[in-house]
Structure formats: structure tokens, C-alpha cells
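Take a look at the structure set out below.
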Amino acid sequence: MLSQLAALKVSCFRLSMLEPAEIDLILRETAHQLRADKEAILVANRSDLQRMSPEDAKYDRLLLNEKRLEELALAVEHVADLPTCLGIILEEKTRPNGLRLRKISVPLGAIGMIYEARPNVTIDAFALCFKSGNAVALKGGKEAADSNKALVHSVETVLQRHGLADAVLLLPNEREHLATVLQAVDYLDVIIPRGSNALIQYVRDNARVPVIETGAGVVHVYYDAEASIIKGRPIIENSKTRRVSVCNALDALLLHRDRLSDLPELFSGLIASKNVQIRADEPAFAALSGIYPPHLLSPAQEGDFGLEFLDYKMAVKTVDTLEAALAHIARHSSRHSEVIITENTATAARFTRQVDAAVVYVNASTAFTDGGEFGMGAEIGISTQKLHARGPFALRELTSHKWVVEGNGQIR
């Protein structure tokens, strides 16, 4: 594996010589190849799906079909259409001694991408890394092993025609190989984990290569004393049920005590659409008893708060004040996406100022935490840390910078 990582690192020099037009051409060829290999990819995906129960929350993440595969190809083409993020002059100045300084965007280098049962990440990560001049080693989970092999085969078919086969590497999916990747300081410049909190924690604790965290979302909506029920019901329903297996899905509703009577109306769509299981604290449980289906309603346990469900389940906590909501979020949030529903502009301003998260919403669904929805194109993930990048992690975030200094014989 180390020899393959060494070849990946060397490929960075070849990538640095490509013109933006050549990069875009290769990406468009990749989209065409994905379409040409459609049947083989879908057969491989069905093989993976057979090893997973449809009841598993990861099943939807793993699933590829003709529509999703076409969306992947279109995403690659969209990345090709984006302006280049390389060679951009970020800052420019001339010092009193005549030295001319330019701060210029450059690739991060060789990237290790570690993720779980999401074959779409295989293509998104390659396209974004290639567009930004980065080589990428992909380590997906064993659940998507056949799908990832088929997808990377399509990518490699194109890269081989251009003498760039080493610019992408599919690593063995077995867990025992992960330690080698995390220690590969001579071959990888950065590692990006995307997946469960357990995966990210393991990478953080064991990596010697620098890590940019993306992924785990413990997401809250605070329904304020001055919230609009007309806005609140669709926001809560969309945040929870649009797609439960993604990191921006709602996990816990914080409800002001004065609005407990709104719960049956707020949750009516959760019953009608997806039979969402509610784990409610005592006041919320009482407000829903006899109204919400009893087989879907249970008393909340302390462990239900701070839990990323990735399923049709949600916790409900009653709070007396905005301060109590802020304190709960500070304790349990993963600093991904947080929402306030309120008509009070001062309350909203305080919430956005005090909540520590990559994305903070006022009267909008958490489902918008996405690179495409932010107008950034495809994304690597959502960064929840504060160094280098935060929020949707897309093309620009896959670059660093260097200073180019031009002189005329100056010495110090």
C-alpha cells in the first residue's frame, strides 16, 4: 500500500502541470464513462445492497439507481463547469523595499478520504479533488466495496488515457489498513473523514497526518415562544424527514414551554408522512399523549439528547427560556447546523450570535446545509471544525495558498 501512496504523491507534480481546460475535459470524459458503465455499476451496487437489510438506516445512503447515477454524472459535469480555484491571487501588495508579494491559491496535495457506506462520495470526492489539482486516496466502507470498485474503475479508465492513473487510489476497505493510512505522513498531506461520530473520533485520535473533520451532525431546532406555527410545521417536517440518513437531518426539537399546545399540529406531518418515532420529555409526552400514536411515542431518556439518530426518530425537550435552549445546544450540539424558529428579531439575533455551529438558521430548514444549496457545487462534506474551513466543504476549501515574492536583488 505504501508504494501506491508514494505513486499518488508523485502524481501531484503531474497534476500541477495540467491546464484548467484539460482538467475540465477529463472530468467531462469521466461523466460520459459513468454513463457508459451504468449497468456494471448498478450490478455492483445491487451486490452491496444484498448484504444489508433495507431496514438499516445506511441502506438509503448505499442505494444507487439510474436516477442517482445520472445525478452523479451531472455533478461531475457541474464541477467541470465551475471556475478554476487554482492560481487565484488572494492578496497582492508591494513592500516599501520594492518586493512584490502575491498570495496564490494552490492544491492541498495528496488527500486521504475516509468515509462509510456512501458510494456517491467516491465520485464527488474524486471530481472535487481533481478539479482542485489534488490527488486522492479513497477508503470507503466495506458495505459499499463492490460499488466503489466499479465507480473507481470508470474513473481509472479515463485517467489511464491521459497518463494520470496514479492520481486516484482505491484503498482496501478492511479496517486493519486504516492505521497505515492515518500514519502515512510522508505520502498524504491531509485526511478528511466523513461519516459517523465514531469514525471521526477514531481518525482524530489516531492520525498523524493532519485531519479536516466533516460529518457527524447532532442537529437541533429551537421553537421559540414567539414562533410561527405556519413556518414551524414545514421546517420541522422537512428538517426531519427529507432524508434521515444525512448529517443535516433534525435530531432534537427544543420547544418553549408556552408553546406545548402546538405540538400536535407541529407533528401532524410526521405521522402522515413517515411515522416518526418521538422520544419526548415529560411535558411534551403529556401534550402528545392520546393524540400522537402510542406505538410511536415514548418517554425520552437522557441518552436520547446528543444522539445522531440517522433514522425516523426524534427527541423533544421542553425549555423555559432562550437561555435554557442555548445551554442545551452548547452541551449536546456537534456544531453542525442549528435552527431557531421565531418572529422576534432580537431573539433571533441573540441565537445566531451565541450558537457555536458551522451553520445557524433563522426560520429555515436544516436541509439547506449542503454545498449545492449554498451555490458552491458538489461538496466533500460539512466541516464542523474551525481551522481551515467550516460549513460546506467544497472546491475552494480544497486549496491552500503560497506566497510568491518577486524582487530585484533586495537583501535584508
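The values are calculated or read from the model by the stated rules, or taken from the named source; none is laboratory data. Since the structure is predicted, the reported quantities are computational estimates derived from the model, not experimental observations. When we count neighbours, we look across all protein chains shown, and the Cβ atoms used for this are built from the backbone with ideal geometry, even at glycine.
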Take the conditions in contact with a strand residue (DSSP E or B) (Cβ under 8 Å, 6 or more places away or on another chain), crowded, with 18+ Cβ neighbours inside 10 Å, touching a residue at least 24 places away in the same chain (Cβ under 8 Å) and farther than 17 Å from Ile236 by Cα and apply them to Phe351. Does it pass?
yes
Of these, Gly109, Gly87, which one is under 21 Å from Lys139 (Cβ atoms) and of a type outside the set (Phe, Trp, Tyr)?
Gly109
Considering region 356-405 alone, what residues qualify as being without any contact (Cβ under 8 Å) to a residue 60 or more places away in the chain, surrounded by fewer than 20 Cβ atoms within 10 Å (Cβ to Cβ) and in contact with a Lys or Arg (Cβ under 8 Å, 6 or more places away or on another chain)?
Asp356, Met376
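Could you check region 38-67 and list, in sequence order, the residues that are of a type in the set (Lys, Arg) and modelled with pLDDT of 95 or more?
Lys38, Arg46, Lys67
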Scan region 209-231 for residues that are modelled with pLDDT of 95 or more and part of a loop (DSSP other than H, G, I, E, B) and jot them down.
Val209, Asp224, Ala225, Glu226, Ala227, Ser228
Among the listed residues Arg335, Arg331, Arg279, which satisfies the condition of being out of contact with any helix residue (DSSP H, G or I) (no Cβ under 6 Å at 6 or more places or on another chain), basic (Lys, Arg) and surrounded by 15 or more Cβ atoms within 10 Å (Cβ to Cβ)?
Arg335
With the condition kept exactly as written, say whether any residue in region 5-23 is surrounded by 19 or more Cβ atoms within 10 Å (Cβ to Cβ) and closer than 17 Å to Ala144 by Cα.
no
Across region 92-120, which residue is farthest from Ala145 (Cα to Cα) among those that are among the hydrophobic types (A, V, I, L, M, F, W, C) and surrounded by fewer than 24 Cβ atoms within 10 Å (Cβ to Cβ)?
Leu99
All positions within region 152-171 that are out of contact with any strand residue (DSSP E or B) (no Cβ under 8 Å at 6 or more places or on another chain) and farther than 19 Å from Met17 by Cα:
His153, Ser154, Thr157
Within region 24-44, tally of residues that are in contact with a Lys or Arg (Cβ under 7 Å, 6 or more places away or on another chain) and either of a type in the set (Asp, Glu) or under 20 Å from Ala145 (Cβ atoms) (or both):
1
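Looking at region 206-248 only, could you name the residues that are of a type in the set (Asp, Glu) and touching a strand residue (DSSP E or B) at 6+ places or on another chain (Cβ under 8 Å)?
Correct list: Glu213, Asp224.
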Within region 232-336, considering only strands (runs of 3 or more DSSP E) that don't extend past its boundaries, which have at least 2 residues that are in contact with a Phe, Trp or Tyr (Cβ under 8 Å, 6 or more places away or on another chain) and either within 14 Å of Val219 (Cβ to Cβ) or of a type in the set (S, T, N, Q) (or both)?
250-256, 313-319
Restrict the check to region 19-30 and report whether at least one residue is within 23 Å of the chain's Cα centre (by Cα) and in the same structural domain as Glu116 (by TED's automatic domain parsing).
yes
Taking region 1-52, which residues are without any contact (Cβ under 8 Å) to a residue 24 or more places away in the chain and in contact with a helix residue (DSSP H, G or I) (Cβ under 7 Å, 6 or more places away or on another chain)?
Leu49
Could you check Pro96 against (1) outside any strand (DSSP E or B); (2) touching a residue at least 12 places away in the same chain (Cβ under 8 Å); (3) not aromatic (Phe, Trp, Tyr) and say which number it fails?
(2)
Qualifying residue in region 281-299 (condition: under 26 Å from the mean Cα position of the chain (by Cα) and on the phi > 0 side of the Ramachandran plot)
no
Selection within region 365-379 - in a loop (DSSP other than H, G, I, E, B), touching a helix residue (DSSP H, G or I) at 6+ places or on another chain (Cβ under 7 Å) and at pLDDT 85 or above:
Ser365
Scan region 42-64 residue by residue and report those that are of a type outside the set (Lys, Arg), within 14 Å of Asp311 (Cβ to Cβ) and in a loop (DSSP other than H, G, I, E, B).
Ser53, Pro54, Glu55, Asp56, Ala57
